[in-house]
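The values are calculated or read from the model by the stated rules, or taken from the named source; none is laboratory data. These numbers were taken from a predicted model, which means no experiment stands behind them. A quick note on method: Cβ atoms are made from the backbone with ideal geometry, for glycine too, and the neighbour counts reach across all protein chains shown. Surface areas here come from the heavy atoms of the whole protein model, side chains and all, with no ligands, DNA or RNA. Shrake-Rupley method; radii C 1.70, N 1.55, O 1.52, S 1.80 Å.
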Amino acid sequence: MRYTYKTQGVCPRSISFDLDGDIVTDIHFDGGCPGNLKAVSKLVDGWTVDKIEEYLKGNTCGYKSTSCADQLALGVRAALDKEAAG
């Protein structure tokens with residue numbers, strides 16, 4: 001299923017991705033640093049939600065308390081939790 005997560009505190013406005021069970025694919029950031037975010041999207045494509053959280057959750061950007069990678073981890077967890085809730 002396709003999800004869109006509205007980000008907070010980062011340059012991209014949203015992150016879209018597909019979730020099949022707990023596998024995340026086809027990640028797209030709307031805005032932000034295109035080169036870096038395309039690379040992050042390719043690197044984690046096919047990872048589980050847990051693995052994305054393990055590697056990316058809590059990463060910060062400069063003075064911010066979050067980052068694009070952290071927002072991705074939050075977004076995929078929110079989507080998985082929504083699916084589990086029915």
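Residues of the range 1-16 that are out of contact with any His (no Cβ under 6 Å at 6 or more places or on another chain) and either open to solvent by 60 Å² or more (accessible area, probe 1.4 Å) or of a type outside the set (Val, Ile, Thr) (or both): MET1, ARG2, TYR3, THR4, TYR5, LYS6, GLN8, GLY9, CYS11, PRO12, ARG13, SER14. Restricting attention to the range 32-71, the residues being in contact with a Ser or Thr (Cβ under 8 Å, 6 or more places away or on another chain), open to solvent by 30 Å² or more (accessible area, probe 1.4 Å) and farther than 24 Å from MET1 by Cα number 3. Taken over the range 33-57, the criterion of being touching a helix residue (DSSP H, G or I) at 6+ places or on another chain (Cβ under 9 Å) and either basic (Lys, Arg) or modelled with pLDDT under 95 (or both) is satisfied by CYS33, LYS51, LYS57.
Per-residue answers, yes or no, for (1) in contact (Cβ under 8 Å) with a residue 24 or more places away in the chain; (2) over 16 Å from ARG77 (Cβ atoms); (3) in contact with a Cys (Cβ under 9 Å, 6 or more places away or on another chain):
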position	(1), (2), (3)
ILE15	yes, no, yes
GLY32	yes, yes, yes
ASN36	yes, yes, yes
LYS42	no, yes, no
TYR55	no, no, no
GLY62	no, yes, no
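For the range 17-31, a residue qualifies if it is surrounded by fewer than 18 Cβ atoms within 10 Å (Cβ to Cβ), under 19 Å from SER67 (Cα atoms) and touching a helix residue (DSSP H, G or I) at 6+ places or on another chain (Cβ under 9 Å), and the qualifying residues are HIS28, GLY31. Right, THR60: closer than 22 Å to ALA84 by Cβ and either modelled with pLDDT of 95 or more or in contact with a helix residue (DSSP H, G or I) (Cβ under 8 Å, 6 or more places away or on another chain) (or both) or not? It is false that THR60 is closer than 22 Å to ALA84 by Cβ and either modelled with pLDDT of 95 or more or in contact with a helix residue (DSSP H, G or I) (Cβ under 8 Å, 6 or more places away or on another chain) (or both).
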